[in-house]
Each structure stands twice: as structure tokens, then as C-alpha cells.
1. As I understand it, the dipole of region 3-141 uses +1 on the Cβ of Lys and Arg and -1 on the Cβ of Asp and Glu, about the Cα centre. Which of Ile84, Ser97, Asn9 lies farthest toward its positive end?
2. What ³J(HN,Hα) values, in whole Hz, does the Karplus curve 6.51 cos²θ - 1.76 cosθ + 1.60 give for region 5-18 when θ = phi - 60°, with x put for Gly and Pro?
3. Work through the residues other than Tyr96 whose Cβ is under 9 Å from its Cβ and net out their charges, Lys, Arg +1 and Asp, Glu -1.
4. What aspartates and glutamates could a cross-link reach from Lys7, if we take a straight Cα to Cα line under 17 Å and drop same-chain neighbours fewer than 8 places away?
5. What relative contact order, as a whole-number percentage, does region 68-125 give when Cα pairs under 8 Å and 6 or more residues apart are counted?
6. Identify all aspartates and glutamates with a Cα-Cα distance to Lys131 below 12 Å; exclude those on the same chain that are fewer than 8 residues away in sequence.
7. About its Cα centre, how strong a charge dipole does the chain have in debye, to the nearest 20, once Lys and Arg get +1 and Asp and Glu get -1 at the Cβ?
8. For the pair Lys86 and Lys62, what calculated FRET efficiency results from E = 1/(1 + (r/R0)^6), where r is the Cβ-Cβ distance and R0 = 30 Å, to the nearest 0.05?
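Throughout, read-outs are computed from the coordinates displayed, never taken from laboratory work. All values reported here derive from a predicted model rather than from experimental measurement. Note that we place each Cβ from the backbone using ideal geometry, even for glycine, and neighbour counts take in every protein chain shown.
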Amino acid sequence: MQILNRKANFNYTVEDEFEAGIMLLGSEVKSIREGKATINEAYIAEQKGEIVLMNCHISEYKNANRMNHEPRRVRKLLLHKKQIEKLLGKLHEKGYSAFPLKIYFNKKGFAKVLIGIGRGKKLYDKRETIKKRDENRRAQRGEE
């Protein structure tokens, strides 16, 4: 099961990508496997020298009763030291943002987050993206 951030490529130009592990509770893993999570408003930030995933909503798992998790809690991301330094270097540059592109499970069954780093698009860039997308759809249908 993959949780995608469909708005990321529309709102940002992605310049670099990182794969990071994510620290989850058992009930969070089960919710993600059911596809009950959203990362559309989520972002990556620094807290006390660590990289964290903020504002990611993972719904409560219905069978976890009192041992359930808080849906919008801060989740620590697991990266190598050099990756953290590179990510923080980009984040401290003016205009750069870090955002999750997707959450997925790798072959070993571990939850991973694909982090994108890029600049926010201006309104005219977004219009250009819409124009290209519409042209591609017309070409696939065989119109023109």
C-alpha cells in the first residue's frame, strides 16, 4: 500500500529525493497498511537536530482500543548523518522546502518515506503544468 502526495509535484519543483525510515507505533503501521493516512498537508522540519514529519494524519486503528496513537503526532525520520546534513543544508537555503512524496513499505516490510526537496512553484508555473498535462491527455486520446 502506498500513500501518495498528489499535490507535491503540482506545488513544488522537486530537485532532490531522499528515502527515510519512519518511527511508527504498531497501530500506525496497521492503519497505513489499510491505506488510512494522508500526507497532503504534511511537511518535513528540524527539531533539536533531528528530522521529523509534521502534520501527517494517520487515522486511529479501530482494533487498538486504549493503546491507540494520536493521529497528528510528530514522527521522527531515520536518516544517515550525512543525509541529515545535506537535507538541513538545503532547508536553510532561501526558498527550499522539504515535503513527503509518498509513504510505502519496502521489500523487508519496513515503512519508508520518500522525501522531496524543492522550491515552491509560482502561479504561472502552475498554469504551465496544467497546460502540459492537458496537452498530454489530448495526445493520448488521439485528438487534434
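1. Value computed over the given set: Asn9.
2. For region 5-18, the Karplus-derived couplings read 9, 5, 7, 4, 6, 7, 8, 9, 9, 7, 9, 8, 10, 10 Hz, x marking Gly and Pro.
3. Here the count lands on +1.
4. Hits, sequence-local ones excluded: Glu15, Asp16, Glu17, Glu41, Asp125, Glu128, Asp134.
5. After rounding, I find 26 percent.
6. none
7. 200 debye
8. 0.15
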